[in-house]
Amino acid sequence: MTAGRSIGILGLGTMGRSLALNFCGRGIAVVGSDTGEPARRAAANAGLEVAADPAGLVAALAPPRRILLMVPAGPPVDAALEALLPLLAQGDVVIDGGNSHWRDSARRAARLEADGLAFVGLGISGGEEGARHGPALMAGASAEVWETIRLLLETIAARAEDGESCCARFGPPPAGHLVKTVHNGIEYAVMQALAEVVDLARRGHGLDLPAIAGLLESWARGPCGGFLLETAIRVLRTVDKESGRPLLAFVRDRAEQKGTGGWTAIEALELGVAAPTLVEAVLARSLSAFPPRAELARTLPRPAGTAPAGRPEDLEGALLATLLAAHAQGFALLAAARAERGWPEDPGRIARVWRAGCILRGALLEPIAHAFDRDPGLPFLLLDDELLALLLAGLADLRGAVEDGARTGVPLPAMAASLAWLDALASPRLPADLIQGMRDRFGAHGFERIDRPGRQHDLWRGA
Ligand code: 6PG
């Protein structure tokens with residue numbers, strides 16, 4: 001009864017079931033379970049072996065057991081662990097494959113380790129399709145435990161064009177979920193940038209949705225190409241069956257979010273990393289769901305009779321510069337976390353894992369991975385000559401798009417934030433000198449002079 005099964009999956013929703021089918025399809029025996037009867041039935045109907053409850057799942061596995069939790073992040077993970085822990089034995093490994101917060105993963109790892117069990121935090125990206133046919137997998141585990149599950153996970157993971165598996169360990173248990181969280185933070189920014197391009201093309205340039213889809217299609221083989229660009233094109237091209245009009249015209253313009261983008265923004269604020277493109281992408285979703293919008297859309301004036309100065313095709317460069325800003329900020333955040341905690345390790349491998357299987361997969365990941373091949377310790381993406389050249393190719397178009405947004409009253413928060421961020425990076429001197437003078441004036445906080453060493457203080461008596 002126990003021989004041959006290599007992994008148990010607790011949680012047979014869309015993702016859990018798809019992963020189970022992926023394992024089975026590659027010859028790895030799986031037993032699954034779920035607290036919900038409909039999910040168990042759907043999995044059984046799909047041909048999977050299903051246990052009635054966690055006890056049945058554990059009993060069906062030979063020790064040391066490997067159990068993958070595919071339940072929603074938050075309290076359901078703790079509830080699943082509570083159900084499992086009394087049933088497990090020393091040496092068993094529990095893998096959390098949800099979008100958990102890395103601090104929860106650190107806490108859960110400590111709890112399991114105290115009982116002689118191992119905990120792995122596993123970021124899984126790629127949605128249902130990826131889970132079924134090859135996701136990107138971002139793991140946090142002890143080096144020893146990793147060796148016991150590495151082959152199993154590599155078997156189901158996506159492979160990049162060069163054949164490398166998109167599955168890697170980036171440090172201790174919380175590292176995997178931090179890498180996945182930052183992946184999602186960049187994902188929010190790429191989606192927001194695409195939404196802004198479409199908005200400026202639609203309301204600024206006056207293009208209809210099929211024409212915008214055509215514009216985006218012409219960029220698919222360039223540096224902005226990737227899964228999210230293709231997804232945007234699909235959404236733009238989809239027609240509502242009843243009306244024959246684009247389905248998008250009927251979709252409420254209120255973006256939802258489950259939290260990982262916000263966690264990325266909080267992480268940036270806590271670590272003191274300027275990641276305005278990532279933060280603005282989260283705020284734009286919040287603003288879209290802000291109730292007073294409806295009334296203010298009637299009362300606040302918008303520019304009238306103005307037209308963009310740029311051309312729709314220039315938006316490709318603007319998008320490219322914004323995407324590079326988002327990735328550079330995400331990797332800067334990962335570097336700051338590494339400086340603070342020692343993980344996530346190996347940024348070059350993070351870029352390589354993101355080349356296939358995940359939502360972020362796209363043309364930009366190759367040059368980013370090459371930048372780390374040239375300099376594994378690269379502290380910031382824009383210090384790499386090739387990536388800087390790519391950014392410079394789009395910078396003037398980004399400025400033009402932001403000007404056009406301001407001129408026509410089309411909000412471009414991610415693009416404008418990216419441009420301001422780049423202008424700050426390009427400034428030999430920032431107005432932080434005034435901030436320091438004011439802080440010292442009212443709080444005697446001190447300041448540094450550029451012409452002599454040491455901490456200074458002045459009474460700033462004025463004229
Ligand atoms: C992935 C996705 C996936 C999901 C996010 C979206 O990598 O497969 O990121 O995890 O799409 O949870 O989250 P929001 O609901 O917050 O947009």
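The values are calculated or read from the model by the stated rules, or taken from the named source; none is laboratory data. The shown structure was predicted, so the numbers you read here are calculated from the model rather than taken from an experiment. Please note: Cβ atoms are built from the backbone with ideal geometry, for glycine as well, and neighbour counts cover all protein chains shown. Remember, those area values only see protein heavy atoms, side chains included, never the ligands or the DNA or RNA. Shrake-Rupley method; radii C 1.70, N 1.55, O 1.52, S 1.80 Å.
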Checklist outcome for this item: With the charge dipole of segment 321-415 built from beta-carbon charges (+1 for Lys and Arg, -1 for Asp and Glu) about the Cα centre, the Cα from Leu395, Pro347, Pro376 projecting farthest to the positive end belongs to Pro347
Checklist entry - Mind checking the dipole of segment 180-425: about its Cα centre, +1 per Lys or Arg Cβ, -1 per Asp or Glu Cβ, Debye to the nearest 20? => result 780 debye
Checklist entry - How much net charge surrounds Asp208 when only other residues with a Cβ under 14 Å from its Cβ are counted (Lys, Arg +1; Asp, Glu -1)? => result +3
Item to check | For a label point 7 Å along the Cα-to-beta-carbon line of Leu151, residues of segment 48-75 with backbone N under 19 Å | outcome: 62-68
Next on the checklist: Taking the full set of protein chains and a 1.4 angstrom probe, give the accessible area of His327 in square angstrom, rounded to the nearest 10.
Outcome noted: 10 Å²
Next on the checklist: Nearest 10 degrees is fine. How inclined is helix 276-288 to the longest principal axis of the chain, computing both from alpha carbons?
Outcome noted: 80 degrees
Next on the checklist: How long are the semi-axes of the equivalent ellipsoid of the chain, taking √(5λ) for every eigenvalue λ of the Cα gyration tensor, in whole Å from largest down?
Outcome noted: 42, 30, 21
Checklist entry - Any idea what angle helix 413-426 forms with the longest principal axis of the chain, computed on alpha-carbon atoms, 0 to 90 degrees, nearest 10? => result 70 degrees
Checklist entry - Hey, with R₀ at 22 Å, roughly what FRET efficiency would Ala44 and Glu128 work out to, going by the Cβ-Cβ distance, to 0.05? => result 0.75
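Can you tell me the accessible area per residue over the chain, all protein chains present, probe 1.4 angstrom, in square angstrom?
The answer is 47 Å² per residue.
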Checklist entry - Which whole-number percent is the relative contact order of segment 352-463 (Cα, under 8 Å, 6+ apart)? => result 10 percent
Item to check | 9 Å beta-carbon shell around Gly121, net charge (K/R +1, D/E -1) | outcome: 0
Checklist entry - Which value, in debye to the nearest 20, gives the size of the charge dipole of segment 3-169 about its Cα centre, when Lys and Arg are +1 and Asp and Glu are -1 at the Cβ? => result 160 debye
Checklist outcome for this item: Residues whose modelled amide H sits under 5 Å from the amide H of Arg159, counting only those 5 or more places away in sequence or on another chain, are Cys166
Checklist entry - Once you list every other residue whose beta carbon is under 13 Å from the beta carbon of Leu383, what net charge do they have if Lys and Arg are +1 and Asp and Glu are -1? => result -3
Next on the checklist: Can you compute the modelled spin-label distance between Ser218 and Ala406, with each label point 7 Å from Cα toward Cβ, in nm?
Outcome noted: 2.7 nm
Checklist entry - In degrees from 0 to 90, rounded to the nearest 10, what is the angle of the helix 14-25 Cα long axis to the longest principal axis of the chain? => result 60 degrees
Next on the checklist: Taking the Cα centre as origin and putting +1 on Lys and Arg beta-carbons and -1 on Asp and Glu beta-carbons, what dipole magnitude results for the chain, to the nearest 20 debye?
Outcome noted: 700 debye
Checklist entry - What is the list of residues in segment 403-438 whose amide nitrogen lies under 18 Å from a point 7 angstrom out from the Cα of Gln456, following Cα to Cβ? => result 429-438
Item to check | Positive-pole candidate from Gly204, Leu323, Leu425, dipole of segment 180-425, charges at beta carbon | outcome: Gly204
Checklist outcome for this item: In whole percent, the fraction of accessible protein surface over the chain that belongs to carbon or sulfur atoms, probe radius 1.4 Å, stands at 56 percent
